[in-house]
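> This is the structure, below, for whatever I ask next.
The values are calculated or read from the model by the stated rules, or taken from the named source; none is laboratory data. These numbers were taken from a predicted model, which means no experiment stands behind them. Glycine also receives a Cβ, built like all others from the backbone with ideal geometry; neighbour counts cover every protein chain displayed. Accessible surface areas use protein heavy atoms only, side chains included; no ligands, DNA or RNA. Shrake-Rupley method; radii C 1.70, N 1.55, O 1.52, S 1.80 Å.
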Amino acid sequence: MASYGERNHALLAIDTLCARYPQYSVQLQSLVFRDRKFRAICEDFWDASQAAEAQKTDEARKAEFENIANDLLAELFEYFKAQRGE
């Protein structure tokens, strides 16, 4: 079972995703609570996003974390669409 901190990261990620994609907010929120794999990808997305934001002086490192976050975002939506049967 995920720790409180990990769940919190998943919820923070979902808040971010729901703000970006409000048309999917209900489905995203539902999936994060019922699907462990989706929740884990959300946690990783949040961590990568935060790591990118934390890079104030190292542009190469920031870009690396942004690329990871973007890859995870794509993975999130592929998984999301698969769960919806698309």
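> Among all helices in the chain defined by DSSP H, which have a length of 18 Å or more along the axis from Cα atoms plus a Kyte-Doolittle mean of at least -0.5?
Working: long enough: 4-20 (24 Å, -0.08); 36-54 (27 Å, -0.55); 59-83 (36 Å, -0.47).
Qualifying helices, which must be both long enough and hydrophobic enough, are 4-20, 59-83.
> How large a share of the accessible area of the chain, in percent, is made up of carbon and sulfur atoms when the probe is 1.4 Å and the other protein chains stay in place? Write out the running numbers ahead of the final one.
Numbers: 2710 of 5510 Å².
Reported share for carbon and sulfur atoms: 49 percent.
> What Kirkwood Rh does the chain have if only Cα atoms enter the pairwise 1/r average? Answer in Å.
Numbers: mean 1/r = 0.0761 Å⁻¹.
Taking every pair of different Cα atoms in the chain, averaging 1/r and inverting gives 13.1 Å.
> Among 11-18, 71-78, how do they line up from the highest to the lowest mean number of other beta-carbon atoms within 10 Å?
Ranked by mean Cβ neighbours within 10 Å, highest first: 11-18, 71-78.
> Given DSSP loops and a limit of at most 16 other Cβ atoms within 10 Å, what is the longest stretch of the chain that contains no such trypsin sites (Lys or Arg not before Pro)? Mind showing how you got there, number by number?
Details: sites that count: LYS56, ARG84.
The longest uninterrupted stretch comes out as 1-55.
> Okay, next question. Work out how much length GLU59 to SER30 would gain on full extension: take 0.36 nm times their residue separation and subtract the Cα-Cα distance, in nm to one decimal.
Values: separation 29, 0.36 × 29 = 10.44 nm, distance 3.57 nm.
Between GLU59 and SER30, full extension yields 6.9 nm more.
> Given a 1.4 Å probe and the protein chains all in place, what does the accessible area of ILE68 round to, in Å² to the nearest 10?
70 Å²
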